[in-house]
Amino acid sequence: MTPFLAASALLLTITLGYFALCVASPFGNCRKCNGLGFALTADRKGKPKRGKTCRRCKGHGIRIRVGRHLFNIAARLHRDGTR
C-alpha cells in the first residue's frame, strides 16, 4: 500500500467518523462552561457555588458542532433552491 493511499484511507476514516458523530450527537458541551451552563465560583470557605449564567450558550450548556452547522447550512441552501 502506498503512503498516499494509506493517508487517504486514514483521512476518509476520520471524516466518516466525525460525520457519524455529528449525526448521532449534533450538540456538544459548551467550551466556556464545560456544559454546566454557568460559571463556577467559590464561596469564602472555598466550596464551589453557582456563578453567572454562561453568555456563550445562554445557560443551556450545549453548542452545535461545526460539522452539523455546515450540514444545516447546506440543507437549508438546497431546500431554498429547490422550492
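The values are calculated or read from the model by the stated rules, or taken from the named source; none is laboratory data. In this text, all values refer to a predicted model and were calculated from it rather than measured experimentally. Don't worry about glycine lacking a Cβ; one is built from the backbone with ideal geometry, like all the others, and counts go over all protein chains shown.
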Among the residues of region 65-83, write down those that are among the β-branched types (Val, Ile, Thr) and modelled with pLDDT of 95 or more.
ILE73
Answer yes or no as to whether ARG31 is surrounded by 13 or more Cβ atoms within 10 Å (Cβ to Cβ), in contact with a strand residue (DSSP E or B) (Cβ under 9 Å, 6 or more places away or on another chain) and within 26 Å of THR15 (Cα to Cα).
no
Cβ-Cβ under 6 Å, sequence separation 6+ or interchain: first residue in region 1-29 and closer than 18 Å to VAL66 by Cα, partner in a helix (DSSP H, G or I) and modelled with pLDDT under 95. Which pairs?
TYR18/GLY67; CYS22/GLY67; CYS22/ARG68; PRO26/ARG68
